[in-house]
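Novice: Pasting a structure here, questions to come.
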C-alpha cells in the first residue's frame, strides 16, 4: 500500500489544559485529493490547517510521506505543506518582497541576478528562484506573474504593500505565489476566494483544482470554504469538523444531503 501524502493521527489542539478545540482527529490526504473542509465558524478549521502546516502547538502526529516535520526541517516543511491565509494583508512588506523571501533570497547579488532576468510583466527565470532546500518557481503555466496577470492583476500590484491591496487583489496575488512554488506538495487554502466575484472565483478555482494533475509539484489541496456550492465544485473528498464529534467524511451525495443541497 502506498504511503499517504499526508497522514494525521490522533491530532488534538487545546485552548487550555482541559478545553480542546478538537481532539483525536485522524485522516489521510492522498495524491490527487482536493479535500474540502467545512464546519461552523469558530469550530477549529483554521486551527487544524495551521497544525497541518506545523504553525501551532498540537498533540498527535502529522507526517509528510511518512516523515515528521522535523525530518525536513521546519522552514522546508512549511514550504512543502504550505498554508495560504484568508487575510494576506497581515503579511509584511509587499508581494514581490514576500516572493523573494519565501524563495530564500538572502544576498544583494541574488537580487541583482534576479533583476537582470526580469522579463515582460516582471517574470523571473525559474532557475533564479531556488533555495538550498530546492524550492523554486515553476515555469509556465504555473509562473506566479503569469497567473496574476491571467487573473486580472496589474504589475504594480507586486510592489504595493499588502495593507494597501484590496481583499481580492491580495488573495489573487498570494494564490499566484503559492501556485507557482516548485517544491510545495500540499496546499492548505483558507477560504481562498472569499473576496472574489463569482467570475474571478470560477477562474481561480479551475486553475487551483487543476494543479494536482497538471505537472505541478502540488499533489493535493485541503480547502476551507463556507460555500456548499463551491465545496461541491472543487472537492474530490469532503470532511466536516464538528467540535465534540470529531471529523466526519462523506461522499458527494451525502455531502449534498448534509448541506441541504438538491441531490
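Novice: Take the residues of the stretch 77-99 that are surrounded by fewer than 18 Cβ atoms within 10 Å (Cβ to Cβ) and free of Cβ contacts under 8 Å to residues at least 60 places away in the same chain: which is farthest from the chain's Cα centre (by Cα)?
Specialist: Per the stated criteria, the residue is 97.
Novice: May I ask you to list the residues in the stretch 8-19 that are surrounded by fewer than 19 Cβ atoms within 10 Å (Cβ to Cβ) and touching a residue at least 24 places away in the same chain (Cβ under 8 Å)?
Specialist: Selection gives 9, 10, 12, 14.
Novice: Of the numbered conditions (1) touching a strand residue (DSSP E or B) at 6+ places or on another chain (Cβ under 8 Å); (2) under 18 Å from residue 190 (Cβ atoms), residue 42 fails exactly one; give the number of that condition.
Specialist: The number of the failed condition is (1).
Novice: Do we have residue 148 as within 23 Å of residue 78 (Cβ to Cβ), over 14 Å from the mean Cα position of the chain (by Cα), without any contact (Cβ under 8 Å) to a residue 60 or more places away in the chain and in a helix (DSSP H, G or I) here?
Specialist: yes
Novice: Further, regarding this structure: If a residue has to be outside any loop (DSSP other than H, G, I, E, B) and more than 14 Å from the chain's Cα centre (by Cα) to count, how many in the stretch 211-233 make the cut?
Specialist: Count: 7.
Novice: Here is a further query. Please go through (1) closer than 18 Å to residue 238 by Cα; (2) in contact with a helix residue (DSSP H, G or I) (Cβ under 8 Å, 6 or more places away or on another chain) for residue 48 and return the number of the only condition it doesn't satisfy.
Specialist: The number of the failed condition is (2).
Novice: Quick test for you: out of 194, 198, 250, 202, pick the one residue that is at pLDDT below 90 and either under 26 Å from residue 154 (Cβ atoms) or in contact with a helix residue (DSSP H, G or I) (Cβ under 9 Å, 6 or more places away or on another chain) (or both).
Specialist: 250
Novice: For the stretch 58-67, check the following and say yes or no: at least one residue is more than 19 Å from the chain's Cα centre (by Cα) and buried (at least 16 other Cβ atoms within 10 Å of the Cβ).
Specialist: yes
The values are calculated or read from the model by the stated rules, or taken from the named source; none is laboratory data. Remember, it's a predicted structure, so these values are computed and weren't measured experimentally. For neighbour counting, all protein chains shown are included, and Cβ atoms are generated from backbone atoms with ideal geometry for every residue, glycine included.
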